[in-house]
1. Filter the stretch 1-29 down to residues that are among the charged types (D, E, K, R) and closer than 20 Å to P62 by Cβ and give me whichever is least open to solvent (accessible area, probe 1.4 Å).
2. Out of all the residues in the stretch 55-72, is one or more touching a Lys or Arg at 6+ places or on another chain (Cβ under 8 Å), buried (at least 18 other Cβ atoms within 10 Å of the Cβ), modelled with pLDDT under 95 and closer than 22 Å to A5 by Cα?
3. Could you tell me whether any residue of the stretch 27-37 is at pLDDT below 95 and more than 12 Å from the chain's Cα centre (by Cα)?
4. Write out, first by first residue and then by second, each pair whose Cβ atoms fall under 8 Å of each other, whose residues are 6+ apart or on separate chains, and whose first residue, in the stretch 76-97, is within 14 Å of R65 (Cα to Cα) while the second is open to solvent by 70 Å² or more (accessible area, probe 1.4 Å) and outside any helix (DSSP H, G or I).
5. Given the condition at negative phi, surrounded by fewer than 16 Cβ atoms within 10 Å (Cβ to Cβ), under 11 Å from the mean Cα position of the chain (by Cα) and not β-branched (V, I, T), answer yes or no: does some residue in the stretch 81-91 qualify?
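The values are calculated or read from the model by the stated rules, or taken from the named source; none is laboratory data. It should be emphasised that the depicted structure is a prediction, and the values quoted were computed from it without experimental measurement. We place every Cβ from the backbone using ideal geometry, glycine too, and count neighbours over all the protein chains shown. Ligands, DNA and RNA are stripped out before the accessible areas are found, and what is left, the full protein with its side chains, is counted by its heavy atoms. Shrake-Rupley method; radii C 1.70, N 1.55, O 1.52, S 1.80 Å.
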Amino acid sequence: DTILANKLIAAAVSPIETLSGKSTRALTQLLDVFVRGSNKMYNKQAEYHFLASVFANVTLIPEGRAYFFEADEQQQNDMLPIAKLICFTEHPAIIRRGGVIVTLK
């Protein structure tokens, strides 16, 4: 739904140093949870595969596509969000892999 995608793109949260440094963007923090969640590295109880589908839904709108190609000034590194996803195109979990591939399309 485009309304929910817009809300997620605009959502601001308190920064979590262990995730995205000083970023207050909810989407940036979710992306970090997704990346670190692979192989249960962030949380021993979850891998967060389904966040890939959330990212795919966000890219249905122009603002969502733009997000993945812009750097977050508040983040500790200058890696673009899209670059964080590319390595998951060959992930063994089909939910994670499929959602990332749709996001990249």
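1. R25
2. Yes, the stretch 55-72 has at least one match.
3. There is no residue in the stretch 27-37 that is at pLDDT below 95 and more than 12 Å from the chain's Cα centre (by Cα).
4. Close Cβ pairs (under 8 Å, with a partner that is open to solvent by 70 Å² or more (accessible area, probe 1.4 Å) and outside any helix (DSSP H, G or I)) amount to L80/F69; L80/E70; P81/F69; P81/E70; I82/F69.
5. yes
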